[in-house]
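Take a look at the structure set out below.
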Amino acid sequence: MPIIDLKNVKSLLFVCLGNTCRSPAAEGFAKKFAREIFPPDDFAQLRIESAGLSHSFLGAQPQSIKFLKETEGEDISGHVSRAITEEMARQFDVIITMERYMKPVIATQFSNVEDLEDRIVTLKEICQDEMQPANLDIPDPYLMPDYVYYPILEEIRIYMKCFIIKWFSTRHGSQSE
């Protein structure tokens, strides 16, 4: 079930609650996987960023930094947390949230942004047909022990691979890898 037509999408904004655990990880995974699959000229034209509904932190949580570095060699230690703004809501082609409740929060907060509701989707919704998730939310691992935190990041990693392949295939036909 294609929720959003990815063919002309060039910019993605990943959103979680505080832009410290999930969305910085999603941004890092997306950049890594897109860099691997998109031709260099195409990748250079993509804009992949993250934000939170709020920002109470300076940067990414240590577990997110460690997990991305160890699993994919991606360094997100320089991430600076920020909150989504009206300008971001206007600029990004697609806004990908970690939980369903975030979609109406963003749409309501920026209700004067045209077609915004149609451009907000959860990460799991994008790969719903391929992955058959039990639910569409990725829980917040903030302050959770590593044995809870890391499987959540692994779930983001798996869904991100699915999404990036789907995005590439939509833009470049069914040729992948």
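The values are calculated or read from the model by the stated rules, or taken from the named source; none is laboratory data. These figures come from a predicted structure and were not determined experimentally. Methodologically, a virtual Cβ is constructed for each residue, glycine included, from the backbone with ideal geometry; neighbour enumeration extends over all protein chains shown.
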Please go through (1) in a loop (DSSP other than H, G, I, E, B); (2) on the phi < 0 side of the Ramachandran plot for Asp118 and return the number of the only condition it doesn't satisfy.
(1)
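Each row is one residue, and each column tells you yes or no for (1) exposed (fewer than 13 other Cβ atoms within 10 Å of the Cβ); (2) charged (D, E, K, R); (3) part of a helix (DSSP H, G or I); (4) in contact with a strand residue (DSSP E or B) (Cβ under 9 Å, 6 or more places away or on another chain).
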residue: Ile95; (1), (2), (3), (4): no, no, no, yes
residue: Lys103; (1), (2), (3), (4): no, yes, yes, yes
residue: Ser111; (1), (2), (3), (4): yes, no, no, no
residue: Lys124; (1), (2), (3), (4): no, yes, yes, no
residue: Pro133; (1), (2), (3), (4): no, no, no, no
residue: Leu136; (1), (2), (3), (4): no, no, no, yes
residue: Leu153; (1), (2), (3), (4): no, no, yes, no
residue: Cys162; (1), (2), (3), (4): no, no, yes, no
residue: Lys166; (1), (2), (3), (4): no, yes, yes, no
Can you pull out every residue in the stretch 40-93 that is in a helix (DSSP H, G or I) and either touching a Leu at 6+ places or on another chain (Cβ under 9 Å) or among the aliphatic types (A, V, I, L, M) (or both)?
Ala44, Gln63, Ser64, Ile65, Phe67, Leu68, Thr71, Met88, Ala89, Arg90, Gln91
In the stretch 49-75, which residue that is buried (at least 21 other Cβ atoms within 10 Å of the Cβ), of a type in the set (A, V, I, L, M, F, W, C) and within 26 Å of Ile106 (Cα to Cα) is modelled with the highest pLDDT?
Ala51
